[in-house]
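Enquirer: Structure in structure tokens, see below.
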Amino acid sequence: LASSAASAAKSAVDGGVETLLEASSLLGRASDLVEAAIGGVCDGCTSSLLRAYLGCGMSSDGEPWHTKLPLVFVLWILQLLYCAFVFTYMPAAGIAFNSPTSMIFHAFICLTLASFFQAARKDPG
């Protein structure tokens with residue numbers, strides 16, 4: 001009984017190892033396909049923003065593009081807030097583009113972007 005249990009456990013482990021090896025092989029091939037697809041897209045990229053999003057190459061200062069993703073994320077949030085206010089709330093509330101409320105909002109947006117870009121250029125250390 002013990003020997004049959006041991007042989008069953010050994011065959012289960014061997015089967016598990018084979019399954020893991022097959023899964024690893026499949027993941028490796030899938031990774032190669034994704035890299036090839038992104039590489040093909042990046043070869044034809046004309047937009048530097050698309051190249052940055054896809055992680056093609058390096059930025060102009062020699063850093064990998066993925067280090068710039070937090071900056072892009074913050075700008076995306078600011079853009080969402082700006083568009084929500086200007087194109088949704090202002091027309092719904094009847095606020096004109098040249099009204100004092102709009103001017104104050106746009107002044108704050110300009111100050112926010114100026115502050116963000118100054119902070120982004122500084123070394124945090």
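Enquirer: Evaluate the distance, in nm, between pseudo-label points positioned 7 Å from the Cα of LEU75 and of ALA114 along their respective Cα→Cβ axes.
Expert: 1.9
Enquirer: Still on this model: Enumerate the calculated ³J(HN,Hα) couplings along the stretch 115-125 in order (Karplus 6.51 cos²θ - 1.76 cosθ + 1.60, θ = phi - 60°), each rounded to whole Hz, writing x wherever the residue is Gly or Pro.
Expert: 5, 4, 5, 5, 5, 6, 7, 7, 6, x, x
Enquirer: Can I ask one more? I'd like the accessible area for LEU113: 1.4 Å probe, protein heavy atoms, all chains in place, Å² to the nearest 10.
Expert: 60
Enquirer: Once you compute Rg and the Kirkwood Rh from C-alpha atoms, what is the Rg to Rh ratio for the stretch 74-125?
Expert: The Rg/Rh ratio comes out at 1.10.
The values are calculated or read from the model by the stated rules, or taken from the named source; none is laboratory data. Nothing here was measured: the structure is a model prediction, and the numbers come from that model. Cβ atoms come from the backbone with ideal geometry, glycine included; neighbour counts cover every protein chain shown. Each accessible area value is taken on the protein alone, full model and side chains, heavy atoms only, with ligands, DNA and RNA left out. Shrake-Rupley method; radii C 1.70, N 1.55, O 1.52, S 1.80 Å.
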